[in-house]
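Structure, as structure tokens:
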Amino acid sequence: MKRSFLFFAFSILFVVLAFKKNTDVADGEGISFSKMTLQEAKQKALENDQLIFIDAYTTWCGPCKKMAATSFKDAEVGELFNEKFINLKIDCEEGEGIEFAKKYKIKAYPTLLIIDGEGKIVKSAIGSQSASALINFANSVD
């Protein structure tokens with residue numbers, strides 16, 4: 001009986017997680033972060049003559065969580081960033097993020113980068129940013 005209940009509970013959990021909505025993409029407001037690799041983003045940036053905005057974060061970072069819940073969800077920020085950049089979130093302690101953090105010498109979180117299609121840093125900022133600071137950050141690059 002106990003095994004049946006555990007199997008049932010894990011089955012339900014699996015189904016819920018399998019169909020869970022992607023929480024990194026905003027629902028009409030805020031920044032929509034793409035689910036692509038950095039290499040794919042660089043290729044797209046070169047093809048479309050765009051820059052890439054990267055939120056380099058960790059899962060334990062309080063300021064990162066605060067920005068994700070506030071500044072990144074601001075409608076004006078989203079409109080500007082979604083129009084101007086290819087937007088990525090990179091967890092610097094997982095997957096390609098580990099090498100990314102080494103390559104770009106990321107030592108503090110959040111680190112916000114704007115890079116070109118070649119991977120060269122155009123602009124960077126460290127630490128939590130308000131919505132107005134993010135707008136200024138985006139508008140400071142062409």
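Some notes on this structure:
- Only a single criterion out of (1) in contact with a Gly (Cβ under 9 Å, 6 or more places away or on another chain); (2) modelled with pLDDT of 95 or more; (3) outside any helix (DSSP H, G or I) is not satisfied by residue 29, namely (2).
- If you go through the stretch 96-142 and pick out every residue that is part of a helix (DSSP H, G or I) and buried (at least 16 other Cβ atoms within 10 Å of the Cβ), you end up with 8.
- Test: residue 36 is surrounded by 13 or more Cβ atoms within 10 Å (Cβ to Cβ), over 18 Å from residue 130 (Cα atoms) and not charged (D, E, K, R): yes
- Among the numbered conditions (1) in contact with a Gly (Cβ under 7 Å, 6 or more places away or on another chain); (2) within 22 Å of residue 49 (Cβ to Cβ); (3) of a type in the set (A, V, I, L, M, F, W, C), the only one that residue 85 does not meet is (1).
- Extreme residue, nearest to the chain's Cα centre (by Cα), among residues of the stretch 55-85 that are without any contact (Cβ under 8 Å) to a residue 24 or more places away in the chain and either under 22 Å from residue 115 (Cα atoms) or in a helix (DSSP H, G or I) (or both): 68
- Residues satisfying the criterion are absent from the stretch 71-81 (criterion: in contact with a strand residue (DSSP E or B) (Cβ under 7 Å, 6 or more places away or on another chain), surrounded by fewer than 19 Cβ atoms within 10 Å (Cβ to Cβ) and not aliphatic (A, V, I, L, M)).
The values are calculated or read from the model by the stated rules, or taken from the named source; none is laboratory data. What you see is a predicted model, and the numbers here were worked out from it, not measured in a lab. Quick reminder, even Gly has a Cβ in these numbers, built from the backbone with ideal geometry, and neighbours come from all protein chains shown.
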